[in-house]
Amino acid sequence: MMSEELINARAILEGSIIRSAQCFSEMINSRVHIEDLSIVFDSTMLNLSSQNQGEGSVLLKTEIVGAIGGINYAIYGKEEVKLLCGQVLDGNLEKTQYYEFMIGFLKEVENVLAAAMVTEIANHLDEPIFGDVPKIEAVSADGVMEIIERETGTLNPNTVISCGFSIPSVNISPKILWFFNDSLVDAIVKKKTKKVA
């Protein structure tokens, strides 16, 4: 049976993911659907082996700074990057210029998605948290999980969120992953204790 704290945590996280999808939708002016949303409070229960993209991936990462420790990843296939950027970037730009704009645009998308989620959590829990500057990396098909496992290892995550942001009009479905350490559930317990007191 799930404790009241975990039920509260699930509700906050689901609402935060919905807000993040809404912000993405507003940013690209296309409807974003949330698919296969999974929230687990034991990272060993989550199977992430399906994150590999056949043609390689572009991995965006935002570290959460402040009272709650966490890391967000957005994983796009290389073809998905082209389709998404094609929505907003001028294809007539020189290759170097296009590449620079593409990186800037992807980082801005990641910034908006992470900020929406973090703001929702911060507002619910009255905790000072914010996202660091997004980082971007091109990764081989089999390298995504290796990087994520290495980078989240020191975080000791016990809350993991996984979902797809499906955008049918653009024909993409990037994978969104969030990892939080026990500071998230601790903050929810603290908030409940304050209400009772």
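The values are calculated or read from the model by the stated rules, or taken from the named source; none is laboratory data. The shown structure was predicted, so the numbers you read here are calculated from the model rather than taken from an experiment. We place every Cβ from the backbone using ideal geometry, glycine too, and count neighbours over all the protein chains shown. These area figures cover heavy atoms from the full protein model, side chains too; ligands, DNA and RNA do not enter into them. Shrake-Rupley method; radii C 1.70, N 1.55, O 1.52, S 1.80 Å.
The dipole here belongs to the chain: it is taken about the Cα centre, uses +1 on the Cβ of Lys and Arg and -1 on the Cβ of Asp and Glu, and is about 420 debye.
Once backbone amide H atoms are built at 1.01 Å from N, Ala141 has Gly56, Ser57 as its partners under 5 Å, excluding neighbours fewer than 5 places away on the same chain. Per-atom-type breakdown for the chain gives carbon and sulfur 50% of the accessible area (1.4 Å probe, protein chains only). Would you give the gap between the C-alpha center of the range 89-120 and the C-alpha center of the range 154-187, rounded to a whole Å? After rounding, the separation between the Cα centres reads 19 Å.
Would you mind getting the accessible area per residue of the chain, heavy atoms of the protein chains only, 1.4 Å probe, in Å²? Before the final figure, lay out each step's value.
Values: 9910 Å² over 197 residues.
Per-residue value: 50 Å².
Normalised radius of gyration (Cα atoms, divided by 2.2 N^0.38 Å) for the range 52-117: 1.26.
Take the Cα of Asn171, step 7 Å toward its Cβ, do the same at Ala11, and the gap between the two points is 4.2 nm. For the range 102-197, averaging the sequence separation of C-alpha pairs within contact (under 8 Å, six or more residues apart) and dividing by the residue count gives a relative contact order of 21 percent.
Taking only the alpha carbons of the chain, we obtain Rg and Dmax values of 17.0, 62 Å in that order.
Residues in the range 73-88 carry Karplus couplings, in order, of 10, 10, 10, 10, x, 4, 5, 5, 4, 4, 5, 5, 5, x, 5, 10 Hz; the curve used is 6.51 cos²θ - 1.76 cosθ + 1.60 with θ = phi - 60°, and Gly or Pro positions show x. Taking 0.36 nm per residue of sequence separation and removing the Cα-Cα distance, the Asp142/Glu35 pair yields an extension gain of 36.2 nm. On a 0 to 90° scale, report how tilted helix 4-28 is relative to the longest principal axis of the chain, with both axes built from alpha carbons and the result rounded to the nearest 10. Rounded to the nearest ten degrees, it is 20. Relative contact order of the chain, taken over Cα pairs closer than 8 Å and 6 or more residues apart, is 35 percent. Couplings 3J(HN,Hα) for the range 142-158, derived from phi with the Karplus relation 6.51 cos²θ - 1.76 cosθ + 1.60 (θ = phi - 60°), are 9, x, 4, 5, 4, 5, 4, 5, 5, 6, 8, x, 6, 6, 6, x, 10 Hz, where x marks Gly and Pro. Under 5 Å from the amide H of Gly69 lie the amide H atoms of Asn181, Ser183, Leu184, each residue being 5 or more positions distant or on a separate chain, with H modelled from the backbone and absent for Pro and chain starts. For the range 171-188, backbone phi angles converted through the Karplus equation (6.51, -1.76, 1.60; θ = phi - 60°) give residue-by-residue couplings of 6, 10, 8, x, 8, 10, 10, 10, 10, 10, 7, 5, 5, 5, 5, 4, 5, 5 Hz, Gly and Pro being listed as x. Once the Cβ-Cβ distance of Glu63 and Lys190 is raised to the sixth power relative to R0 = 30 Å, the FRET efficiency obtained is 0.85. Principal axis analysis of the Cα atoms in the range 63-168 yields extents of 46, 31, 27 Å, listed in decreasing size.
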